[in-house]
1. Determine whether TYR113 is modelled with pLDDT of 85 or more, of a type in the set (Phe, Trp, Tyr), assigned by TED's automatic domain parsing to the domain that holds THR148 and closer than 17 Å to ALA152 by Cβ.
2. Is there a residue in segment 133-141 that is modelled with pLDDT under 90, of a type in the set (Phe, Trp, Tyr) and in a helix (DSSP H, G or I)?
3. Looking at segment 120-140 only, could you name the residues that are surrounded by 14 or more Cβ atoms within 10 Å (Cβ to Cβ), farther than 22 Å from LEU77 by Cα and among the aromatic types (Phe, Trp, Tyr)?
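The values are calculated or read from the model by the stated rules, or taken from the named source; none is laboratory data. Everything quoted here is computed from the prediction, not taken from an experiment. Note that we place each Cβ from the backbone using ideal geometry, even for glycine, and neighbour counts take in every protein chain shown.
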Amino acid sequence: MPVRDRSHAGQGNFLRQHIRLSLFFFFLLFLSGGLGGFRLFVFGGGWVCFAPLPAGTNPSFFSRLLVELGGIAVELLIGILLVLMLRFVTASRSVRGLMAATSAVLIVHSLFYLFIGTYYGAGDGHTLFYVLPEGVRQAFLSLIFALTAGGAFFVSH
């Protein structure tokens with residue numbers, strides 16, 4: 001009986017599961033809320049406009065901030081969880097390297113995106129740009145910059 005090479009056997013199933021999961025979340029998003037429109041840019045990013053809320057609905061400032069910064073928080077949380085998993089998971093060197101690289105990208109990107117949005121008043125940090133007083137915003141930006149640079153240094157070594 002010939003021996004079959006199973007080194008790539010799980011890739012099709014893995015890819016299929018991710019496509020199914022992505023489609024499920026797309027339809028969940030599509031059915032759960034209204035999308036007023038969106039515009040994507042060639043080099044990444046864009047604008048998403050949510051459909052108007054029903055009359056009489058006035059979301060709180062905290063709700064709007066939670067929606068705005070939710071993606072950054074999720075990205076940061078997943079990166080931190082991957083770092084914590086590295087301490088307890090015994091896996092091959094290549095898997096651990098992939099986990100470390102993924103956590104590095106997620107942590108540094110989320111902090112950088114928060115910094116840029118708060119600094120320029122655009123993107124996910126634009127509310128912080130307008131709400132934080134100048135001195136507090138500068139201190140916040142300094143902290144985020146230090147965390148981003150420290151995260152990049154920590155991950156690269």
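1. Working: modelled with pLDDT of 85 or more: yes; of a type in the set (Phe, Trp, Tyr): yes; assigned by TED's automatic domain parsing to the domain that holds THR148: yes; closer than 17 Å to ALA152 by Cβ: yes.
Here the answer is yes, as TYR113 does meet what is asked.
2. No; the residues of segment 133-141 include none that is modelled with pLDDT under 90, of a type in the set (Phe, Trp, Tyr) and in a helix (DSSP H, G or I).
3. If the condition is that a residue be surrounded by 14 or more Cβ atoms within 10 Å (Cβ to Cβ), farther than 22 Å from LEU77 by Cα and among the aromatic types (Phe, Trp, Tyr), then PHE129 is the only one that fits.
Table: residues versus (1) out of contact with any Pro (no Cβ under 8 Å at 6 or more places or on another chain); (2) surrounded by 14 or more Cβ atoms within 10 Å (Cβ to Cβ); (3) of a type in the set (A, V, I, L, M, F, W, C).
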site	(1), (2), (3)
PHE88	yes, no, yes
SER92	yes, no, no
VAL95	yes, no, yes
VAL108	yes, yes, yes
SER142	yes, no, no
GLY150	yes, no, no
PHE153	yes, no, yes
